[in-house]
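Here the structure is laid out as structure tokens; the discussion comes afterwards.
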Amino acid sequence: MMPVPLRARRRLTARTGALAAALVGLLSAYIAVTVASAEAAETLLSQGKPVTASSSENASFPATAAVDGDAGTRWASAFSDPQWIRVDLGSPQAISRVALNWEAAYARAFTIETSTDGSAWTQRYATTTGAGGEQSVAVTGTARYVRLTATARATQFGVSLWEFQVFGGSAATPCGTANAAQGRPATASSTENAAFPASAAVDGDAGTRWASAFSDPQWLRVDLGSVQAICGLTLTWEAAFGRAFTVEASADGTTWSQLYATTTGAGGVQNLAVTGSGRYVRLTGNQRGTAYGYSLFEFAVRTAGGSTTTPPTTGPTTGPTTPPPTGARLLSYNKPATASTEQNDVNCNPCTADKAFDYDPASRWATSSTTGWVDPGWIAVDLGATAQISQVVLQWDPAYASAYRIEVSPDGRAWTPIYSTTTGRGLKETLNVSGSGRHVRMYGTARSGPYGYSLWEFQVYGTGGNPQSPPARPADPVFPATRLIWQDEFNGPAGSKPDGAKWTMDPGLPQNNEVQYYTDNSANAAMDGNGSLVIEARRESAGGRDYTSHRMNTSNKFHVQYGRIEARVKVPKGNGLWPAFWMMGEKFLQGRPWPYNGEIDIMEVLGRNTTEGYSTLHAPAYNGAGGYGQKYTTPGALDLSNDFHVWAVEWDSKGMSFKLDGREVFYADKNTVETTRGPWIFDDKHYIILNLAVGGDFPGPIDATTPFPSRMLVDYVRVYQ
């Protein structure tokens, strides 16, 4: 049994080596945010104003240091969630922007709110994917008080700001009252039936409505006809409202910017002040407020008037995904590939051209770090015979092309362009093209940054050629899935060990600066005789550590791809405790390092706050503190340590729905991940893991109040398809 790698919010280990370090470098270059200079009409309102905070790490880091105009002083909070900082502008002011300059201890999830009286607050901005650094956030409205509340730290420390700046003044443009969306073309992810079309939400008739299918996520999108300065939204919900949803804008229907987000929507009529621009405006519902779908009588968009840029000549004709044209096949799988250069060294081994055509989104081609970080750079595939090309899909690494051509050739020597752009955006680009040739090439002429070119996948679709079918994937389950394919009910006699036919005990040292030693001792993992497995953390010496606990997994005994994977668990309470129910991609057992194998964290709870849980995905382009996931709070701040609860993931080829006691807490949509974060690597088999960690980077240290022994109880683990 190979050692199990790090879980959520982990540091990179030596196992990933220079490859991981290089990836992190690319990612940091890719996601850096720059604070925009204050416009001439803006005024810095917050400097030197009274400021308060939830806490300070110590007297050296007071709240006043974040508004003193000195980039060398900072506010730092205590090492816990949540934390807040609030500035009093002295009187109600017209606000246009908030600028944040984070120290290394930044917030991954935070909100910005405003208030006229310091009591009633209005949320103006929210994110769960903060990346630190310097950030400029559009915040509009009139307020005396501005508050930032951090709900999830990105490190084991607190949160820390060099500067917290609030701008305002005469820069604001009055928001119009006309509905720019009325009568414009509208599309949606689904409709309940023909009586509730997308167009009914923008027809100006309060008696007609759009209604979606009864599932998450769903979206509604309107085309304003040209790029507009957007300043307000009015959502008139039917009884089937959105509890958690986002509103985004786009100039081209492809690259989206968030205007608004909430996880506490209450339905009714919502008037939202926003700042942004776009031709397309999209509402995406991630969690329904009822058992039905989403339904809007009206989706109104208010603008400040006038176009801000030249609109695209055509917009997308489908939703977020664009399937290959009817009759088209994948022609490029496993075909011979060549490239201008290839990287095949300690930093990326191998990153050869063929890796872009292997139908494996966790392997990639990259130009050589010694000779290939230059323009132009190219990669080509030989389809084996002449083909009619109708679509090309590029899944870029952060080292992408900002300017490139797609070219075809009959012989690999004379090339004809069939697509060209100077505004490449990276991530996933789906190009509908038309051309004929045996060879297809991506020819990059301008890199997005200092690195070379790199593609996880380069897929060519069309007719003809000499296609080879990629490995077939299993059919999607139909949920609710009811066919039980694997289970452990833990009904053995008291003191008996877990079933060795189902579980591999995994003794050894942990990661993440945890303090326990994992043993295969029955004192750390045994049946209680009442139908539960007990995983116990104890204060005792073993393996050079002062604490012991247990980790077990189903590797090489049970692996699963798609289905409902669930466990009924009672978690322990106490500082530094970290129970988890999660899955690892089976390719880890074949030597593929984390995070390239994929990790699915179905449940993580931190003993210091057992009213919260985490569900997270980890992959090459999003892992550790940057994992793709959700922290959620239980309804009514229910304490998860007081009883058993059922955590589950319902997983198919389109995404994953994470649930707590039957209630969806997070949905990871495959297309959204590919177009906003990086490749989706979760179409392979995974195995199941249960463990209880002690201390470390994510849960924080144990202390005198941490109870030992501490017990994680598992009533059952079941898998359905």
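In terms of packing, defined here as the mean over residues of other Cβ atoms within 10 angstrom, the peptides 633-639, 392-398 line up highest first as 392-398, 633-639. Between Tyr419 and Ile406, the built amide H atoms are under 5 Å apart, and every one of these is 5 or more places off in sequence or on another chain. On the principal axes of its alpha carbon atoms, the range 539-625 extends 35, 33, 27 Å, with the longest extent given first. In the range 378-443, one over the average inverse separation of all distinct C-alpha pairs is 12.0 Å, which is the Kirkwood hydrodynamic radius.
Ellipticity at 222 nm from helices only: DSSP H runs of n ≥ 4 in the chain, each -39500 (n - 2.57), divided by the residue count, give -1000 deg cm²/dmol.
Set against the 2.2 N^0.38 Å expectation for a compact globular protein, the range 329-464 has a Cα radius of gyration ratio of 0.94.
Karplus-derived 3J(HN,Hα) values for the range 403-412, using 6.51 cos²θ - 1.76 cosθ + 1.60 with θ = phi - 60°, are 9, 7, 10, 9, 10, 10, 8, x, 9, x Hz; glycine and proline are entered as x. 3J(HN,Hα) along the range 691-702: 7, 10, 9, 10, x, x, 4, 7, x, x, x, 6 Hz, from the Karplus curve 6.51 cos²θ - 1.76 cosθ + 1.60 with θ = phi - 60°, whole Hz, x for Gly and Pro. Once you have a ≥ b ≥ c as the square roots of the Cα gyration tensor eigenvalues for the range 149-294, tell me rounded if a/c is under 1.5, and otherwise prolate or oblate according to whether a/b is larger than b/c. Here the range 149-294 falls in the oblate category. For the peptides 522-532, 77-87, the ranking by packing is 77-87, 522-532, with the highest mean count of neighbouring Cβ atoms within 10 Å listed first. For Ala152, the residues whose amide H sits under 5 Å from its own are Arg108, Ala109, ignoring neighbours fewer than 5 places away on the same chain, with H placed 1.01 Å from N.
Eigenvalues of the alpha-carbon gyration tensor of the range 40-169, scaled by 5 and square-rooted, set the equivalent ellipsoid semi-axes at 21, 15, 14 angstrom, largest first. Would you work out if the range 444-531 is rounded, prolate or oblate? Take a ≥ b ≥ c from the square roots of the eigenvalues of the alpha-carbon gyration tensor; rounded if a/c is under 1.5, else prolate when a/b is larger than b/c, oblate otherwise. Since a/c reaches 1.5 but b/c is at least a/b, the shape of the range 444-531 is classed as oblate.
Amide H contacts of Ser55 (H built 1.01 Å from N, in plane; Pro and chain starts excluded): Ala78, Trp84 sit under 5 Å, all sequence-distant by 5 or more or on other chains. Structural size metrics of the chain, computed from C-alpha coordinates, are Rg and Dmax of 26.4, 75 Å.
Centroid-to-centroid, using Cα positions, the range 364-390 and the range 623-673 are 39 Å apart. Each of the peptides 351-359, 464-472 was scored by the mean count of other Cβ atoms within 10 Å over its residues; in descending order, highest first, they stand as 351-359, 464-472.
Count Lys and Arg as plus one, Asp and Glu as minus one, and take only other residues whose Cβ is under 11 Å from that of Gln561; the net charge is then -3.
If you take the square roots of the eigenvalues of the alpha-carbon gyration tensor of the range 489-720 and sort them as a ≥ b ≥ c, do you get rounded (a/c under 1.5), prolate (a/b over b/c) or oblate? Verdict is rounded for the range 489-720.
Each value in this text was obtained by applying a stated rule to the coordinates, not by laboratory testing. Only a predicted model underlies this, so the values are computations on that prediction, with no experimental measurement involved. When we count neighbours, we look across all protein chains shown, and the Cβ atoms used for this are built from the backbone with ideal geometry, even at glycine.
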